[in-house]
Each structure stands twice: as C-alpha cells, then as structure tokens.
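The values are calculated or read from the model by the stated rules, or taken from the named source; none is laboratory data. Everything quoted here is computed from the prediction, not taken from an experiment. Neighbour counts run over all protein chains shown; Cβ positions are idealised from the backbone, glycine included. Quick note on the areas: whole protein, heavy atoms, side chains included, nothing else; ligands and nucleic acids left out. Shrake-Rupley method; radii C 1.70, N 1.55, O 1.52, S 1.80 Å.
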Amino acid sequence: MSAYFLYSIAARPTVKTDNPEASFGDIARLISQKFKALTPKERKVWDEKAVADKERYAREMIDYKD
C-alpha cells in the first residue's frame, strides 16, 4: 500500500469524527489536505510503513507461489 493510503486509513476516523456532516468526497479531500501538510519527519513515518508493507507483500507472494 502507498504511504497516502496507509495514512488515509489511520486518519479517516478522526477526520470523520471532526466533520460529521462531511460527505465521502469531502472526507477524502480533507485527508488529502492533511497528508500534503505533513512535515517531512511526519511523512517519513508513513513512507517507512509503505516500504515495510511492500516487503511484507513480496514475502507473502513468494510463499503463495511456492
């Protein structure tokens, strides 16, 4: 999964709670704005999670194909 997608999964409950009247599209826009506003240090956390998930996926695919 991408860094944005992982961030989106984590941020969605908070954004939804803070904006109960927001539509699905509005929530997606708010999450996107928050992701773009992350500092490089904050962004690095999500980038590292994405790399770890990619490695997990590769390992699982090897096991699946065997």
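Observations on the structure shown:
- Odd one out for residue 10 among (1) without any contact (Cβ under 8 Å) to a residue 12 or more places away in the chain; (2) over 12 Å from the mean Cα position of the chain (by Cα); (3) open to solvent by less than 60 Å² (accessible area, probe 1.4 Å): (2)
- Condition broken by residue 20, with the remaining ones in (1) surrounded by 12 or more Cβ atoms within 10 Å (Cβ to Cβ); (2) not in a helix (DSSP H, G or I) satisfied: (1)
- Cβ separations smaller than 9 Å between residues 6+ apart or across chains give the following pairs from the range 25-51 residues that are assigned to a helix (DSSP H, G or I) to residues that are modelled with pLDDT under 95: 49/1; 50/1.
- Counting the residues of the range 49-66 that are closer than 14 Å to residue 3 by Cα and either in contact with a Lys or Arg (Cβ under 9 Å, 6 or more places away or on another chain) or open to solvent by 100 Å² or more (accessible area, probe 1.4 Å) (or both) gives 2.
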